[in-house]
Amino acid sequence: MQIAIENPDQPDVIQLIDDLDAYQKPLYPPESHYGIDIAALSAPNVLFAVARDEAGTAVGCGAIVMEPGYGELKRMYVRPENRGQGVAAKVLAFLEGEAMARGCAMFRLETGVSQPEALSFYARSGYARRERFGRYPEDPLSVFMQKDAG
């Protein structure tokens, strides 16, 4: 498996994001969806990583939006058939390393209460629950987490 910073505006990567949306959208009402689109993922302050298998197929992705004072994890996704192989952990470690190399000292994220696998994964990865941050509204369906770099 290879992980690299890539442009999200590629057909196979767009399909990953579409698959993520197809998974998440039925879990929450529209007002509780906080995913960012391909245009936002292409912004200069975003590190977007793609994991590809030996055949070059995109099997996972994730992003860190570099905000003043922290990096926000967004759009983490691994294809169902590739889960359980450590792809998410490798993408997360890669993104955190890239962000730390650019001076990021803290990571934050928002995920939903209906995604217990994600909540467990982030907790195992050192993230702890915290109060809401940034521009997020009060939302009982959101869970906010944070991890210090290093």
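On inspection, residue 43 passes the criterion of being free of Cβ contacts under 8 Å to residues at least 24 places away in the same chain and assigned to a loop (DSSP other than H, G, I, E, B). Name the residues in the range 104-150 that are out of contact with any Ser or Thr (no Cβ under 7 Å at 6 or more places or on another chain), farther than 20 Å from residue 77 by Cα, touching a residue at least 24 places away in the same chain (Cβ under 8 Å) and of a type in the set (D, E, K, R), would you? Correct list: 148 only. Filtering 49, 101, 55 for residues that are closer than 17 Å to residue 5 by Cα and free of Cβ contacts under 8 Å to residues at least 12 places away in the same chain leaves a single hit, 101. Hey, residue 1 hits all of (1) free of Cβ contacts under 8 Å to residues at least 60 places away in the same chain; (2) surrounded by 13 or more Cβ atoms within 10 Å (Cβ to Cβ) but one; which does it fall short on? Failing condition for residue 1: (1). Contact map, the range 20-32: residues that are open to solvent by less than 70 Å² (accessible area, probe 1.4 Å) paired with residues that are of a type in the set (A, V, I, L, M, F, W, C) and not in a helix (DSSP H, G or I), Cβ distance under 8 Å, separation 6+ or inter-chain. Pairs shown: 28/141; 29/141; 32/141. Would you check if residue 44 is over 14 Å from the mean Cα position of the chain (by Cα) and either surrounded by 13 or more Cβ atoms within 10 Å (Cβ to Cβ) or within 22 Å of residue 143 (Cα to Cα) (or both)? No, not satisfied.
All conditions but one from (1) over 16 Å from the mean Cα position of the chain (by Cα); (2) farther than 18 Å from residue 48 by Cα; (3) not aromatic (Phe, Trp, Tyr) apply to residue 113; the one that does not is (1).
The values are calculated or read from the model by the stated rules, or taken from the named source; none is laboratory data. Quantities reported herein were computed from a predicted structural model and do not represent experimental measurements. When we count neighbours, we look across all protein chains shown, and the Cβ atoms used for this are built from the backbone with ideal geometry, even at glycine. The accessibility values were calculated without ligands, DNA or RNA, using every heavy atom of the protein model including side chains. Shrake-Rupley method; radii C 1.70, N 1.55, O 1.52, S 1.80 Å.
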